[in-house]
Amino acid sequence: MSSRLLLGTRKGLVVYTRGPSGWRLSSVHHGGNPVSYAVEDPRDGSWWAALDHGHWGQKLQRSRDQGRSWEEVKAPAYPEDALRGDGKPATLEYIWLIAPGPASQPGRIYLGTNPGGLFVSDDGGDTFTLCRGLWDHPSRVQWSGGGKDTPGIHSLVIHPNDPDHLMVGVSCGGVFESRDGGQRWAPRTKGLVASFLPDPEAEIGHDPHLIVACPSRPEVLWQQNHCGVFRSVDGGARWAEVSGPGAAPRFGFAVAVDEVNPDRAWLVPAVSDERRMAAEGGLSVSTTADGGQTWRELRVGLPQEGCFDLVYRHGLDKRGPTLVFGSTTGNLYVSEDEGESWALVSHTLAPIYSVRLSA
Amino acid sequence: MPKVELTHHLKRFFPTLGPQTLPATTVAELVRALDGQFPGIAGYLVDERGALRKHVNIFIDGEMVVDRARLGDALDERSEVFIAQALSGG
């Protein structure tokens, strides 16, 4: 059962700990600074936070003693010859993702960045190198900004049995797969729809809000984007829309998949691409147990009027029976029964960018 | 030697930061010299290519620097430099 929760918020890294009486705020770090992403590395327990200083640039912070002390790690730098898709020199604009590598690669850490960067460290994060295989992919000139001015990488799936088998999500670019540790990449967008493109079935240019895989069945992938909920059962070779009619979720950012059963997933739907707020003023979580053929709305314990919450792509997490989500209006909800009922943990937080449970 | 003073906002990250007198004939040299005194501070002022960050301003004797890309503006022995952040917020 999970015992700790790291929140990246607009006003710092907020840590909650599970105690005998439930989840309690235990510490705040980098208070006042926007933290775009925060995570605990399960291999060594170190905490990582990406700071999005409005004035001073993007910074990386690492703590090896669970927040008692922090050290600034040199932020990744784009090579001198790296140009953005528009021909301007590439500089680090945003750190969207910090992804500890697998146990078999103890020093490996990945960063997903804007513009369009996947950075790799093999020394525990002391130094990062741009993954040139992806950066030099010929499709990159077709990538565009999605919610930000430049394309960004926000999702990384590492195959649990093969650390060289990687999949990334690029907004806007699509889904890309590498089987050789990042040297060569190929788009995996067949079956996706991008109604905002001149050709909705174009291979490049999709906006996969988040890509997750079932840990025990990594060939099963889920994503939600502007045009629906999509699932792949063959490692991304083919995607199928599973957002049905009626109450089924369509637009949203975050998706969580069960650790064991690849047919079970949870999403926090928003009313529509155009409006981006809670549907009909009430908060709900949508879940399926049959791979998206049918959906249920989970509302017990969630407010049903006056909600303007939006849950960002990293704002939902699951570990065992615990599900947790944080919203743009600073609300934090936890369920201990796989989403069937929810309890408010806080309604006073700053806008929440990332929610990550640790062991 | 030029004198430089920095916004107090940077003291959060560099607690011993205070007015400095440093050898430099350009703003870029001044930033490098500052980084020698306060390792890492250059990364707060300029990006990885040495360009002044968008929301940071540097003034020489009250005038904003012209060359934001390379910080080539000249300094003389009596230059007084002020490094500030743009005001923004919420």
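Divide, for the protein assembly as shown, the radius of gyration over alpha carbons by 2.2 N^0.38 Å, where N is the residue count. Provide the component values of the computation, followed by the final result.
Numbers: Rg = 22.8 Å, N = 449, 2.2 N^0.38 = 22.4 Å.
It is 1.02.
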Legend entry - Inter-label distance, nm, simple model (7 Å from Cα along the C-beta direction), A:Val141/A:Glu305: 5.7
Legend entry - Gaussian network model of chain A, Cα within-10 Å springs - most flexible of A:Phe119, A:Phe128, A:Phe308: A:Phe308
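If you restrict to DSSP beta bridges whose two residues both lie in the protein assembly as shown, what percentage is antiparallel, to the nearest 5?
Working: 104 of 109 bridges.
Bridges in the protein assembly as shown are about 95 percent antiparallel.
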Inset, instruction - Starting from the Cα of A:Lys190, draw a straight line to each of the aspartates and glutamates and keep only those under 16 Å, dropping any in the same chain fewer than 8 residues away. - result: A:Glu177, A:Asp199, A:Glu201, A:Glu203, A:Asp207, A:Glu219, A:Asp234, A:Glu241
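Just in chain B: which trypsin sites (Lys or Arg not before Pro) are loop by DSSP and have at most 14 other Cβ atoms within 10 Å? Show your work: numbers first, answer last.
Numbers: sites: B:Lys3, B:Lys11, B:Arg12, B:Arg32, B:Arg49, B:Arg53, B:Lys54, B:Arg68, B:Arg70, B:Arg78; in loops: B:Arg49, B:Arg53, B:Lys54, B:Arg68, B:Arg70, B:Arg78.
Those that pass, being in a loop and sparsely packed, are B:Arg49, B:Lys54, B:Arg70, B:Arg78.
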Inset, instruction - Quick one: work out the % antiparallel among DSSP beta bridges in segment B:3-85, nearest 5. - result: 75
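Would you work out the relative contact order for chain A, in percent, from Cα pairs under 8 angstrom that are 6 or more residues apart? Please list the in-between numbers first.
Values: 1034 pairs, mean separation 43.1, N = 359.
Once normalised by length, the contact order is 12 percent.
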Legend entry - Distance cut-off 19 Å, percentage of C-alpha pairs in segment A:1-56 lying past it: 31
Inset, instruction - Please report the relative contact order for chain B, taking Cα pairs under 8 Å with a sequence separation of at least 6, and give it as a percent rounded to a whole number. - result: 36
Inset, instruction - Give the cross-link partners of B:Lys11 among the aspartates and glutamates, using a straight C-alpha distance below 18 Å as the criterion and excluding same-chain residues fewer than 8 apart. - result: A:Asp52, A:Glu71, A:Glu72, B:Asp35
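Expressed in nm², what is the orientationally averaged projection area of the convex hull enclosing the Cα positions of segment A:116-191?
Numbers: hull surface 22.8 nm².
Quarter of the Cα hull surface area: 5.7 nm².
Where does chain A land at 222 nm, in deg cm²/dmol rounded to the nearest 500, when only DSSP H runs of n ≥ 4 count, each adding -39500 (n - 2.57), divided by all residues?
Working: 1 runs with 4 residues, N = 359.
Per the formula, 0 deg cm²/dmol.
Given the pairs A:Lys74/A:Lys148; A:Lys59/B:Lys54; A:Lys74/A:Lys318; A:Lys11/A:Lys318; A:Lys59/B:Lys3, which span a C-alpha to C-alpha distance of over 19 angstrom in this model? Intermediate values should be presented prior to the final figure.
Numbers: A:Lys74/A:Lys148 23 Å; A:Lys59/B:Lys54 16 Å; A:Lys74/A:Lys318 31 Å; A:Lys11/A:Lys318 23 Å; A:Lys59/B:Lys3 28 Å.
From A:Lys74/A:Lys148; A:Lys59/B:Lys54; A:Lys74/A:Lys318; A:Lys11/A:Lys318; A:Lys59/B:Lys3, over 19 Å: A:Lys74/A:Lys148; A:Lys74/A:Lys318; A:Lys11/A:Lys318; A:Lys59/B:Lys3.
Find, among the chymotrypsin sites (Phe, Trp or Tyr not before Pro) in segment A:66-112, those assigned to loop by DSSP (not H, G, I, E, B) with at most 13 other beta-carbon atoms within 10 angstrom. Each step should come with its number before you reach the end.
Details: sites: A:Trp70, A:Tyr94, A:Trp96, A:Tyr110; in loops: A:Trp70.
Sites meeting the loop and neighbour criteria: none at all.
Going by a ≥ b ≥ c, the root eigenvalues of the Cα gyration tensor, does segment B:3-85 fall in the rounded group (a/c under 1.5), the prolate group (a/b larger than b/c) or the oblate group? Don't skip to the end; give the middle numbers.
Details: a/c = 1.39, a/b = 1.14, b/c = 1.22.
It is rounded, given that a/c, with a ≥ b ≥ c, falls under 1.5.
The numbers here are math on the coordinates, done by the rules we state, and not lab data. Source: prediction; values computed, not measured. When we count neighbours, we look across all protein chains shown, and the Cβ atoms used for this are built from the backbone with ideal geometry, even at glycine.
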